[in-house]
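Working notes, structure below.
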Amino acid sequence: MPSPYNLGVDSGGGGFFPFGGDPEELLGALREFAEKQAETVQDAQREQFATLTLNTAVELTAAALSRIQADGPSDAQALALRDAMRVLFPEAVALVSAARQGFMRQ
């Protein structure tokens, strides 16, 4: 008994293809579509990674600075904040650099 899925238009290749046209062309079009979809997903993932990394850099820096207890006159407070930034800044720059690389790959 013939399969009900083989009832279709003659594909010109000696057999029947249910969707009409050349099955190789359809397969190629489907493959191209899948590749484009995969690229789109990768681009979206890179953008999401970059955005999350930037947000993390900002949040970590703000959280660390908010925990500093700078007492005394304004000069002493400024010195304490500068000392903290001397430690925090390189870490924030590393996160921002990673995020930038994520954006640049797009």
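The numbers here are math on the coordinates, done by the rules we state, and not lab data. Computed from a predicted model, the values in this text were never measured in an experiment. All Cβ positions, even for glycine, are placed from backbone atoms using ideal geometry, and neighbour counts span all protein chains on display.
Below is a table of values for the structure above.
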item: Potential extension, residue 22-residue 35 segment - 0.36 nm per residue separation minus Cα distance; result: 2.7 nm
item: Sorted peptide list for 44-54, 81-91, criterion being average Cβ within 10 angstrom, highest first; result: 44-54, 81-91
item: Relative pair counts by distance (%), Cα atoms of region 14-104, 5 Å bins; result: 2, 12, 13, 11, 9, 8, 8, 6, 6, 5, 5, 4, 3, 3, 2, 2, 1, 0, 0
item: Gained length - residue 43 relative to residue 80, 0.36 nm times residue gap less alpha-carbon distance; result: 9.2 nm
